[in-house]
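The values are calculated or read from the model by the stated rules, or taken from the named source; none is laboratory data. Quick caveat: nothing in here was measured; it's all calculated off a predicted structure. Cβ coordinates were reconstructed from backbone atoms using ideal geometry, including for glycine residues, and neighbour counts include every protein chain displayed. For accessibility, only protein heavy atoms count, side chains too; no ligands or nucleic acids. Shrake-Rupley method; radii C 1.70, N 1.55, O 1.52, S 1.80 Å.
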Amino acid sequence: MGKKRCYVCGREALSKNEIGLTKKLLDKESKRFYCVDCLAEYLEVDTEFLLAKVEELKEQGCDLF
Ligand SMILES: [Zn+2]
């Protein structure tokens, strides 16, 4: 997987979690990726909510993480 940058703020080298969240919550085929802060703002949720979501999805064995 090549390096991805945030579509909104341009931050480079997004983490696997950030890329996984974008795919899971927005679009599996998304070509635009969001860092966790911009994704939280976009979805109007807390960053903490997204981080908890990552842990939840990991526990479910989601292969995006
Ligand atoms: Zn960003």
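Overview of values
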| quantity | calculated |
| --- | --- |
| Failed condition for Arg5, given (1) in contact with a Phe, Trp or Tyr (Cβ under 8 Å, 6 or more places away or on another chain); (2) open to solvent by less than 80 Å² (accessible area, probe 1.4 Å) | (2) |
| Residues within the stretch 5-26 that are over 13 Å from Lys53 (Cβ atoms) and either in a helix (DSSP H, G or I) or small (Gly, Ala, Ser) (or both), tallied | 5 |
| Residues satisfying the stated conditions in the stretch 32-47, i.e. surrounded by fewer than 18 Cβ atoms within 10 Å (Cβ to Cβ) and either hydroxyl-bearing (Ser, Thr, Tyr) or not in a helix (DSSP H, G or I) (or both) | Arg32, Tyr42, Glu44, Val45, Asp46, Thr47 |
| Flag for Glu44 being over 12 Å from the mean Cα position of the chain (by Cα) and more than 8 Å from the ligand (Cβ to nearest atom) | yes |
| Every pair of residues 6+ apart whose Cβ atoms lie under 6 Å, when the first sits in the stretch 48-65 and is in a helix (DSSP H, G or I) while the second is surrounded by 13 or more Cβ atoms within 10 Å (Cβ to Cβ) and among the β-branched types (Val, Ile, Thr) | Leu50/Val36 |
| Qualifying residue in the stretch 50-65 (condition: more than 10 Å from the chain's Cα centre (by Cα) and within 11 Å of the ligand (Cβ to nearest atom)) | no |
| Selection status of Glu12, among the acidic types (Asp, Glu), within 15 Å of the ligand (Cβ to nearest atom) and either open to solvent by 50 Å² or more (accessible area, probe 1.4 Å) or modelled with pLDDT of 95 or more (or both) | yes |
| Residue check for Glu29: assigned to a helix (DSSP H, G or I) and more than 13 Å from the ligand (Cβ to nearest atom) | no |
